[in-house]
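The values are calculated or read from the model by the stated rules, or taken from the named source; none is laboratory data. All values derive from a computational prediction rather than experimental measurement. Using ideal geometry, Cβ is built from the backbone for each residue, glycine included, and neighbour counts are taken over all protein chains shown. Side chains included, ligands, DNA and RNA excluded: accessible areas come from the protein's heavy atoms. Shrake-Rupley method; radii C 1.70, N 1.55, O 1.52, S 1.80 Å.
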Amino acid sequence: MSASGGTKAIVAALGANLAIAAAKFVAFAFSGSSSMLAEGVHSIADAGNQGLLLLGGKKAQRAATAEHPFGYGRERYIYGFLVSIVLFTIGGVFALYEGWEKIRHPHPLDNWYWPVGVLVFAVIAEGFSFRTAIKEADALRGQQSWAQFVRRAKAPELPVVLLEDFGALIGLVLALCGVGLTLATGDGVWDGIGTMAIGTLLVVIALVLAAETKSLLLGEAAGPDQVARIRTALVDGDAVTRVIHMRTLHLGPDELLVAAKIAVRHDDTAVRIADAIDAAEARIREAVPIARVIYLEPDIFRPSA
């Protein structure tokens with residue numbers, strides 16, 4: 001996986017979630033807290049998601065074949081979409097079900113110090129994971145806001161980890177509120193309400209991830225800055241006089257297809273046009289290194305009447 005895939009952030013999140021999941025299940029066993037059970041399942045789902053992202057990154061590295069001539073870069077998008085489905089079903093829906101059951105059949109918490117201690121530990125561990133994801137993403141997002149980065153990122157891994165970690169931290173706060181109110185009032189309904197809130201949060205995050213990865217799966221063009229650089233690189237003012245029209249498409253997070261019809265002079269020879277195309281391709285690759293598949297069609301520009 002390329003550096004833009006955020007491998008370091010994924011591994012950090014995977015380690016944190018496995019440790020947190022184990023602690024949460026122990027707390028559930030001693031306290032009977034439904035918030036702890038929902039949070040434990042949430043952490044297991046998150047760990048599975050990080051495994052899916054790593055697997056997708058590995059599969060995406062396969063070389064192109066006759067059946068898949070543009071390679072397997074979109075494997076990363078497919079596994080990113082699977083993550084949103086797992087988060088929705090295993091994380092969100094399970095938490096909603098468990099919370100509803102706890103509201104219908106409330107019971108007080110036993111050994112309250114277990115869930116409280118585990119939640120504090122989980123906040124620290126998730127905070128470390130979230131900090132790693134932020135640090136990795138900061139190197140890529142430039143002047144974009146965080147919302148713009150999640151919306152426009154072509155590599156799905158970092159936005160997924162960022163949203164998962166953010167959701168996990170908010171979920172832990174909700175779980176603490178549910179457990180705290182249960183202890184303060186002696187009414188287990190609050191634990192169930194906290195669990196329902198966690199489930200709702202996870203469902204919302206899953207829907208956002210699904211929408212973003214679906215857009216990547218359908219095929220997104222290069223960003224405006226990259227398109228501008230490609231257009232500038234194409235025209236040399238001599239052999240290539242203008243871009244008649246151009247299309248770009250991400251074959252994967254780190255591979256871009258460029259197809260353009262370029263205007264050449266009507267009296268140029270075939271050899272000169274071929275040399276101009278080769279030079280234009282070299283300029284594009286220098287301006288936008290991920291532009292690895294380039295098709296240029298020479299034509300005579302005919303202004304419309």
Inset, instruction - Determine the gain in length on full extension of the stretch ALA139-ALA22; use 0.36 nm per residue of separation and subtract their C-alpha separation, reporting nm with one decimal. - result: 38.9 nm
Legend entry - Assigned charges on the beta-carbon of Lys, Arg, Asp, Glu; region 1-120 dipole about Cα centre (debye): 380 debye
Legend entry - On Cα atoms only, tilt of 270-287 relative to the major axis of the chain in degrees: 30 degrees
Inset, instruction - Calculate, in nm to one decimal, what LEU169 and GLU286 gain on full extension: separation in residues at 0.36 nm each, minus their alpha carbon distance. - result: 38.0 nm
Inset, instruction - Rank-order 137-145, 152-160, 216-224, 25-33 by packing density, defined as the average count of other C-beta atoms within 10 Å over each peptide's residues, highest first. - result: 152-160, 25-33, 216-224, 137-145
Inset, instruction - Work from the charge dipole of the chain (Cβ charges, +1 for Lys and Arg, -1 for Asp and Glu, about the Cα centre) and give the residue of HIS266, THR232, GLN61 farthest towards its positive end. - result: HIS266
Inset, instruction - Give the angle, between 0 and 90 degrees and rounded to the nearest 10, that separates the Cα long axis of helix 34-59 from the longest principal axis of the Cα atoms of the chain. - result: 20 degrees
Inset, instruction - Kindly express, to the nearest 10 degrees and within the range 0 to 90, the angle between helix 157-185's C-alpha long axis and the longest C-alpha principal axis of the chain. - result: 20 degrees
Legend entry - Å² of accessible area per residue within the chain, as computed with a 1.4 Å probe and no ligands counted: 47 Å²
Inset, instruction - For LYS102, list the lysines whose Cα falls under 27 Å from its own Cα; do not include residues on the same chain fewer than 8 positions away. - result: LYS24
Inset, instruction - Could you let me know the centre-to-centre spacing of region 142-183 and region 60-106, using Cα atoms, in angstrom? - result: 16 Å
Inset, instruction - Might you report the magnitude of the Cβ-based charge dipole of the chain about its Cα centre, with Lys and Arg at +1 and Asp and Glu at -1, to the nearest 20 debye? - result: 380 debye
Legend entry - Given charges at beta-carbon only (K, R positive; D, E negative), |dipole| of region 153-241 in Debye: 140 debye
Legend entry - Heavy-atom accessible surface of the chain: percent carbon and sulfur, 1.4 Å: 65 percent
Legend entry - Most positive-pole-ward Cα, GLN144, ILE193, VAL293, against dipole of the chain from beta carbon charges: VAL293
Inset, instruction - Can you tell me which of 266-274, 180-188 comes out highest on packing, and rank the rest after it, using the mean Cβ neighbours within 10 Å? - result: 180-188, 266-274
Inset, instruction - Sort the following peptides by mean Cβ neighbour count (other Cβ atoms within 10 Å, averaged over residues), highest first: 61-69, 102-110. - result: 102-110, 61-69
